1. Can you tell me which of (1) out of contact with any Lys or Arg (no Cβ under 8 Å at 6 or more places or on another chain); (2) surrounded by 14 or more Cβ atoms within 10 Å (Cβ to Cβ); (3) among the hydroxyl-bearing types (Ser, Thr, Tyr) is the one Thr219 doesn't meet?
2. Identify the residue in region 488-546 that is modelled with pLDDT under 90 and not in a loop (DSSP other than H, G, I, E, B) and, among all such residues, is surrounded by the fewest Cβ atoms within 10 Å (Cβ to Cβ).
3. Assess whether Ala453 counts as being surrounded by fewer than 22 Cβ atoms within 10 Å (Cβ to Cβ), assigned to a loop (DSSP other than H, G, I, E, B), in contact with a strand residue (DSSP E or B) (Cβ under 9 Å, 6 or more places away or on another chain) and of a type in the set (A, V, I, L, M).
4. Being in contact with a Leu (Cβ under 8 Å, 6 or more places away or on another chain) and either in a loop (DSSP other than H, G, I, E, B) or in the same structural domain as Glu594 (by TED's automatic domain parsing) (or both) narrows it down to one of Leu417, Leu422, Leu393, Leu447, so name that one.
5. Go through (1) of a type outside the set (Asp, Glu); (2) outside any loop (DSSP other than H, G, I, E, B); (3) in contact with a strand residue (DSSP E or B) (Cβ under 8 Å, 6 or more places away or on another chain) one by one and return the number of the condition Gln408 breaks.
6. Please pick out the residue among Val88, Val74 that is in a strand (DSSP E or B) and either farther than 30 Å from Val214 by Cβ or touching a Ser or Thr at 6+ places or on another chain (Cβ under 6 Å) (or both).
7. Let me spell it out: the conditions are (1) farther than 22 Å from Ser81 by Cβ; (2) in the same structural domain as Leu500 (by TED's automatic domain parsing); (3) not small (Gly, Ala, Ser), and Val215 meets all of them except one. Which number is the exception?
8. Suppose we filter Thr264, Thr271 for residues that are over 27 Å from Thr499 (Cα atoms) and either among the polar types (S, T, N, Q) or in contact (Cβ under 8 Å) with a residue 40 or more places away in the chain (or both); which single one remains?
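The values are calculated or read from the model by the stated rules, or taken from the named source; none is laboratory data. No experiment lies behind these values; they were computed from the predicted model shown. Every residue, glycine as well, gets a Cβ built from its backbone with ideal geometry; the counts of neighbours run over all protein chains shown.
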Amino acid sequence: MRILSTLLMGCLLAWAGAAQAQNAPVRLEAESGTLGADWTSPTQAGVQYVTITPTATINAQNPGTAARVVSYSVTFPGPGSYDLYARVRVGAAAANDDSFYYANGFGTKAPTDDTSWIICNNLNVAGYTDGGVAVDGAGAATNNVWKWINLSKFNGGEAPVSFTVDANNLTQTFQIGAREDGFDIDKFVFGATGLYFTVPDLDAGAQGSTTPPVVFTPTGQPIAQGKSKFLGGVYSTPQLPFFTVYWNQVVPENAGKWGSVEATRDQMNWTELDAAYKLAKDNNFPFRFHVLLWGSQQPVWIENLPAAEQLAEINQWMAAVAQRYPDLDLVEVVNEPTNDPPLNGYTGNNGTNTPGGGGGNYYEALGGAGSTGWDWIIKGFELARQHFPKARLMLNDYGVASSTANAQRYLSIINLLKERNLIDAVGIQGHAFETRNITAANLGANLDIIASAGKPLYVTEMDIDGVNAAGQLDDAAQLAEYQRIFPVFWTHPAVRGVTLWGYRPGHWRTNQGAYLAKADNTERAALTWLRSYVANTVLSRRQALASSVQLYPNPTVDGHFLLNRTDKVTALRVFDTQGRLVHQQTPHRRSTLEVRLALAPGLYVVQLEEAGHLTTRSLIVN
């Protein structure tokens, strides 16, 4: 009897779980709630919706007043976990019309309590209008259209949540709060967690499916698998699906920016950065840390500290990163130095750094312009070299390959760092707005200028737009531009790797159609071509070996240097300028070599042998 009772109980529990998972969705018309005084409920083209009236009250992390809150009473068909979906429209101001708050759980919330509200921002580059796919991640819908989004799976500035309903309390209070005006809400749906809902399902309040509608599932190895150069991708929630099918290098999009990690002083949020680092290490992919110092997305709290205290905080920030991530391949020390230094009041191509805007304002704490004009960069790299002695240190900027004058200015900064043995790699962003109006020949010539410093180049943030003049997706236009630009980067002998700054909807240039795969996973023409081009483009053996093995620091002050990616190197020799052999060793298939030599200051040649093929590197000893 006990066995039968146990079996019966198991069956009942399984049945209850299945029933719970199939709870019918609950649909709410947005105007059906109790609207605070600052909300209105207009009707347009047959759709009644709610929107906030323009007001000066826009709090950073909560609605601020009861007038900016809407409350709903929701009765659920059964207990369980529910995801929150919303049908919304972002106005013409795009990024200034695209955010609101929803309550962090059921119940009546205090309008000024940050912990009670989830900020949902960046909705101008998210959402679904296509009926053939599940409303599951970020989506790719833009502005001035009604679109659905699964808020429980979209991180718009804070970790999203699902909602749990208890069997003893099926009627709950749910609240939303206003943030920006120009943002319209038509309806909400609470759908059972674990089910997949399409746009037609949500429009009709119909039940979802236990399996997502699948249009295409990409398979295979990363595009550049087995190549001497990597083809990498950016880590963010919208870009994660099928990452390892396409890319073999990782860089966090926002998670490594100081303002993301330490928005509140001494409170560190490593969650997403940990995940990006783990993805790289689990798959043996190179990882680039982005970024230590910049004039954007920095902690607001540092802006008005005394210079000495700012410098102490910069040291603490670098030390914290170095301790948590001991095996970084590349460390981006300074980003966009010629466009966006950490100085309030500075006006560059990114606009003006204003107080409270995340510009950092620690430019003078690092030495300002100083005698070189770039002392603040030199100081930043000196600190980074202390904290990251075994990592390769990188400078990164945009607009430097699209202009000869900019390339020469960039080269002067690189050489200042090189003279001090502070830089190991050079980053060139490669965004669409940089490359679209420059010929391939000029682009290559500017790469040559930057490469003349003798440091390896990395294309760090490449993207190419894919819309026509009317703003419509245009696969042919994107393909033609990829075919024109990508080979210049990929085949340049100084370029060691290319990283795409996103490839799926949710891309930072979603509105410009810069993504390569659609929400249903199907590949646009440029991605199909990219697969074939990389697979079939053969780099010369000399270029391949030179691209894969990395020597740093160079110059070295004491004859101590490291070589990475030497697993295929069978012999290493060092010669002086008279051709005399001063050192030789067999790497024994190790991926990293540490060489300690007592060398007099001067120029030396490092010779590497792979399967009988020889390549050389210059080594400067100061």
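1. Checking Thr219 against (1) out of contact with any Lys or Arg (no Cβ under 8 Å at 6 or more places or on another chain); (2) surrounded by 14 or more Cβ atoms within 10 Å (Cβ to Cβ); (3) among the hydroxyl-bearing types (Ser, Thr, Tyr), the one that fails is (2).
2. Arg542
3. Criteria met by Ala453.
4. After ruling out the rest, the residue left standing is Leu422.
5. Every listed condition holds for Gln408 apart from (3).
6. Going through Val88, Val74 in turn, just one is in a strand (DSSP E or B) and either farther than 30 Å from Val214 by Cβ or touching a Ser or Thr at 6+ places or on another chain (Cβ under 6 Å) (or both): Val74.
7. (2)
8. Thr264
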